[in-house]
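The values are calculated or read from the model by the stated rules, or taken from the named source; none is laboratory data. This is a predicted model, so every value here is computed, not measured. In this analysis, Cβ positions are derived from the backbone assuming ideal geometry, glycine residues included, and neighbour counts consider all displayed protein chains. What goes into the accessible areas is simple: the full protein's heavy atoms, side chains included, and nothing from ligands, DNA or RNA. Shrake-Rupley method; radii C 1.70, N 1.55, O 1.52, S 1.80 Å.
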Amino acid sequence: MIEAINLTKKFGATAALDGISFSVSSGSLFGLVGSNGAGKSTFLRTLAGIYAPDGGEILVDGVSPFENSAVKSKMFFISDYPYFISQATLNDMADFYMRIYPNWSKKRYEELCSLFPISAKAKIGNMSKGMQRQAALICALATQPSYLLMDEIFDGLDPVMRQLLKRIVFNEVSEHGMTVVIASHNLRELEDFCDHIGLFHKGGVVFERDLDDLKLGINKVQAVLKPMPDLSAFAPLDLVKTEIHGSLINLVVRGSKEDILDHINSLDPVFVEVLPLTLEEVFISEMEVAGYDLDNILK
Amino acid sequence: MTLTTFSNRNRKEFKETYSWAMKKSRGMLALLALLMFIAFPMILMIGMANAQHNTDTVMTVAKWAEAYSGYVFILSVLATLLVLLFVLVTAVQQFSYLHQKRSVDLFHSLPVGRVPLLLGRYCAALTTLFVPILFNFAVVSIVGFSYGIAAQFSFTAVAVQMLWIMLMITAALTFSVFMAICTGTSFDMVISILGINVAYPLLVYVSGAFASNLLPGLRIELNLQSTVLTALSPFAAAFFPLIGSDRNPGIPYTNGTFLGWWIALTLILLAASIMLYKKRKSECAESSFAFPIPKIVIRLIITAVAGIGFGMVLQSVTSVPWNFFLGLITGSLAAHIVVEAVYSRGFQQMKRSFAWYGIFAAAFLVLYGVLATGFFGFDTRLPSADQVESISISASNNSRESTIYDDEHNRIIGKITPTLKDQTNIVKVLELHKSLVNDNRKKSFPYAMNGNDYSSFTLTYHLKNGGVVKRSYPYSDYRTNEPKSNIKEMAAQITQMKEYRETASILFYLEPEYVKSIDLYFNTDQSKQRAIMPDTNAKAELLEALKQDYLDGEVDDDSDRVEGNSMSVITDYEYPIALKDGKLKTFLGGYTGNIYISGNNGIQISDGAKRTKAVIEKFGWEK
């Protein structure tokens, strides 16, 4: 289990993580989303024991990972730009990790090498961005980590490789109870992949929720009302966003589909439709609430 | 403490880090071994193989040993330079991971503690440098054995040389690692290493010259073996003592203080590196510095070197004392701006950095004020006559002093230096000295830069309580045509004292048995010279005559000090010399080993040297 308790990390005067608190339970697939500079990568690096917290603490199974080899040996971090030792091949990297990670499995490494279409004898530095990520993933999974931390792993992977990645990781989670924390701007991929989502903005956590609850708990409503009632008629709803064009009203509303429909029907609409939001729509809506929307940026 | 609490896990992490780092350094190790082999044993082998062709005489064991030690000691300078270059390359190779965000992500997320990670890579770097050194010095030893050279040279001397190089290489590497941890980029690491290694010795040198120039009585003389000169510059310290030896280039001419300092500093730097690395923030990669102290120190050193150095040059060229300050301000400001711009990659932080320039300026003003006002009475402080046991005198531009070495270890065991012990003479010297001090104060106080770059006249008072008071004054030869000065007058009176002359020349310490042969040069007829090998009685007669004429001022070690110089006598000393009871043995504290004499062995004879000429005539040596 991962716990962030009032976690703070500062770079000079800027707080990249500003006293965040949340937890990630074991065996979950946790997606970190957020605006640029929200602190997602900083959180992952702090979790990986690369950065020392400036305040609060981050705990993995109750222990701080910073300068703790025992915790780190159960964890593997793939950064947004994975680093490979100069002139190294995949086999060289395997030799490197094999010495350091106690759970390294040569068998698993060979299995993964056969699954991904990259040569273990070619220099990784000469490979494409996507192939380098595949190489990093092979090494990561061969260490059989309990915690896999990935930053923008989908970046550069083709759709087939993305599916392969997801399938392999799903298997690891279901068979070995691996916990995955993944930061990405590719919300479409995360939507299919994660069971929990944490939304970061300006060093804070806007929310952290089960993805299903999240998607079911916020809905998009399109309704035609003649005449259009005063906005106060919608006040009982937990409105996130409201747009009125003549007799057409578009709403983003928190709450169950049934409750929302009951209320809208009480206003005698000509037409009403309630649809679940995609993760991307949820993200945009929540960020608007946080003041991070196009209108605000363009002001 | 850190080392003693190394756990089993740490030990395993260290072992794995070391073995991986060694695997990646094999190429570097092989390259260094090959280049060092070419620069050292290979040239030695070629040189030894051709030694017979380069001489007309038969090669004896002694001649082989001489050729061998000559090659070894000169080539080791070349080898040391090569290894020093590899220290820098290896340090960058092993520790540049600290300077890239991506590589820091990898290495600091590994289940390896920072201490084993640092020590594993540090030991791998040491191994990469040590293995080629051990291999090549072993080859050098084997070459020595194969030519039948005694183990004293081919093993002991070579091993001492090798261990010395290994110590200095360890110091240079540890210093480089310390800089790697303090800096944020490899560029900053390299320029910091080079900057401090070049600037620190220069700072010591220019500071010494500046203080000596400003404060009467003070003269800071530094030689290349000086521990202070290179105390913070391991790259210079590894190299200077090799080239600074006045015996054989290549023999590290160092003492216990030098070795002790570098052992201690290496351990301190290693402990500091470990401590700082544990505190180092990973996010410092790709920024200028992880810890700003080296930047502040380097900038201060370079600012001071450029300021003081340029000030002294300007003042020396124009002979106007106040131009020193013009040079100081322009030189130091320019250096400060350049260093800051290089470290900060621009001028954004320039304004803030001037606070540090202000600190330098304030510190310099305090130092200048203290020196210009006599350094708390240093300029006037002299012992009383009853406190003084003896006074040794050195007039460096007149110095023709002879040096006595012990034959076994090539160490200096004595220098023939004019010394006054007679109480009357001591009183007289102190009176002259006090008069000089008072004159100096009357002439210009607070003192200003005098711009003289002369040699010095030094009076060293050896006190009865074991203390030493040493005062030096700028001085050129007292018989030149320059206007008389108070220092010249004092020097003239002191050097005319009989006790001074009796202790100034090697002549008064020689026994006839120490002289092997004598060469006579007749200056009136350049083509006329005679090489003679007189018997002991003739040598004794000649030495006695030379001494008497020397006291009369008709014979001297320096041709400038005899008038009507008509003849030179060159004495060729025995080698080695077995000491017999006499003045030299007493001077050397009853030393019983064999010695040899180095230094001036030419004696100038004036037309008025009647006694010497009479002896030459008596034995018919001029014919």
Given the condition open to solvent by 50 Å² or more (accessible area, probe 1.4 Å) and away from chain A (no Cβ under 14 Å), answer yes or no: does some residue in the range B:16-30 qualify? yes
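So which residues in the range A:66-75 are under 20 Å from B:A285 (Cα atoms) and either open to solvent by less than 40 Å² (accessible area, probe 1.4 Å) or at the interface with chain B (Cβ under 8 Å from one of its Cβ atoms) (or both)? Spell out how you get there, then give the answer.
Step one: filter the range A:66-75 for residues under 20 Å from B:A285 (Cα atoms), giving A:66-67.
A:E67, the sole residue that qualifies.
Residues that are more than 30 Å from B:I426 (Cα to Cα): which helices (runs of 4 or more DSSP H) entirely in the range B:498-611 hold 3 or more of them? Can you show your working first?
Working: elements: B:498-504, B:536-551, B:583-587.
Result: B:536-551.
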I'm told A:G34 meets every condition in (1) away from chain B (no Cβ under 13 Å); (2) open to solvent by 10 Å² or more (accessible area, probe 1.4 Å); (3) closer than 18 Å to A:K202 by Cβ except one. Can you identify the failing condition by its number? (2)
In the range A:76-88, is there at least one residue being out of contact with any helix residue (DSSP H, G or I) (no Cβ under 9 Å at 6 or more places or on another chain) and more than 7 Å from every other protein chain (Cβ to nearest Cβ)? no
Every residue from the range A:92-118 that is away from every other protein chain (no Cβ under 12 Å), in a helix (DSSP H, G or I) and not hydrophobic (A, V, I, L, M, F, W, C): A:K106, A:K107, A:R108, A:Y109, A:E110, A:E111, A:S114
Among all residue pairs at least 6 apart or on different chains, which show Cβ distances below 6 Å where the first residue, located in the range B:307-328, is touching a residue at least 40 places away in the same chain (Cβ under 8 Å) and the second is open to solvent by less than 10 Å² (accessible area, probe 1.4 Å) and hydroxyl-bearing (S, T, Y)? B:G307/B:S332
Based on this model, can you work out whether A:I85 counts as of a type outside the set (F, W, Y), part of a loop (DSSP other than H, G, I, E, B), within 22 Å of B:G113 (Cα to Cα) and open to solvent by less than 60 Å² (accessible area, probe 1.4 Å)? yes
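Within the range A:11-22, is even one residue within 19 Å of A:T179 (Cβ to Cβ), out of contact with any His (no Cβ under 8 Å at 6 or more places or on another chain) and within 13 Å of chain B (Cβ to nearest Cβ)? Steps first, please.
Initially, the range A:11-22 is screened for residues within 19 Å of A:T179 (Cβ to Cβ), giving A:20-22.
The next check asks that each one be out of contact with any His (no Cβ under 8 Å at 6 or more places or on another chain); those that pass are A:20-22.
So of that shortlist, the ones also within 13 Å of chain B (Cβ to nearest Cβ) come out as none.
Within the range A:11-22, none of the residues are within 19 Å of A:T179 (Cβ to Cβ), out of contact with any His (no Cβ under 8 Å at 6 or more places or on another chain) and within 13 Å of chain B (Cβ to nearest Cβ).
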Return a yes/no flag: does the range A:242-254 have any residue that is surrounded by 17 or more Cβ atoms within 10 Å (Cβ to Cβ), among the hydrophobic types (A, V, I, L, M, F, W, C), more than 31 Å from the chain's Cα centre (by Cα) and outside any helix (DSSP H, G or I). yes
Anything in the range B:418-445 that is outside any helix (DSSP H, G or I) and either open to solvent by less than 80 Å² (accessible area, probe 1.4 Å) or under 23 Å from B:I494 (Cβ atoms) (or both)? List them, or say none. B:P418, B:T419, B:L420, B:K421, B:D422, B:S444
So, of the residues in the range B:86-113 that are at the interface with chain A (Cβ under 7 Å from one of its Cβ atoms) and surrounded by fewer than 19 Cβ atoms within 10 Å (Cβ to Cβ), which turns out to be farthest from the chain's Cα centre (by Cα)? B:R102
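Going through B:Y461, B:Y500, B:Y475 one at a time, which residue ends up being of a type in the set (F, W, Y), open to solvent by less than 20 Å² (accessible area, probe 1.4 Å) and either within 25 Å of B:G582 (Cα to Cα) or at pLDDT 90 or above (or both)? Reasoning before the result, please.
Numbers: B:Y500 fails: open to solvent by less than 20 Å² (accessible area, probe 1.4 Å); B:Y475 fails: either within 25 Å of B:G582 (Cα to Cα) or at pLDDT 90 or above (or both).
Just a single option satisfies the conditions, and that option is B:Y461.
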Please enumerate the residues belonging to the range B:182-220 that are open to solvent by 20 Å² or more (accessible area, probe 1.4 Å), out of contact with any Gly (no Cβ under 6 Å at 6 or more places or on another chain) and either without any contact (Cβ under 8 Å) to a residue 40 or more places away in the chain or aliphatic (A, V, I, L, M) (or both). B:F187, B:V190, B:I191, B:L194, B:V198, B:L202, B:L203, B:V204, B:Y205, B:A209, B:L218
Which is assigned to a helix (DSSP H, G or I), touching a Pro at 6+ places or on another chain (Cβ under 8 Å), closer than 30 Å to B:F107 by Cβ and hydrophobic (A, V, I, L, M, F, W, C), of B:L84, B:L29? B:L29
With respect to B:V317, is the statement that it is open to solvent by 50 Å² or more (accessible area, probe 1.4 Å) and out of contact with any Lys or Arg (no Cβ under 8 Å at 6 or more places or on another chain) true? yes
Filter the range A:51-63 down to residues that are touching a Ser or Thr at 6+ places or on another chain (Cβ under 7 Å) and either of a type in the set (G, A, S) or under 14 Å from A:A183 (Cβ atoms) (or both) and give me whichever is farthest from the other protein chains (Cβ to nearest Cβ). A:G56
Does B:K585 satisfy the criteria of being within 27 Å of B:H409 (Cβ to Cβ) and either among the hydroxyl-bearing types (S, T, Y) or without any contact (Cβ under 8 Å) to a residue 12 or more places away in the chain (or both)? yes
Select from the range B:329-360 the residues that are hydroxyl-bearing (S, T, Y) and in contact (Cβ under 8 Å) with a residue 60 or more places away in the chain and list them in ascending order. B:Y343
One residue from B:L35, B:L75, B:L81 being of a type outside the set (D, E), crowded, with 20+ Cβ neighbours inside 10 Å, closer than 30 Å to B:I149 by Cα and more than 13 Å from every other protein chain (Cβ to nearest Cβ): B:L75
The condition from (1) closer than 15 Å to A:F283 by Cα; (2) out of contact with any strand residue (DSSP E or B) (no Cβ under 8 Å at 6 or more places or on another chain); (3) open to solvent by less than 70 Å² (accessible area, probe 1.4 Å); (4) not small (G, A, S) that A:D213 misses is numbered (3)
Do we have any residue at all in the range B:293-302 that's open to solvent by 60 Å² or more (accessible area, probe 1.4 Å), within 30 Å of A:T42 (Cα to Cα) and in contact (Cβ under 8 Å) with a residue 12 or more places away in the chain? yes
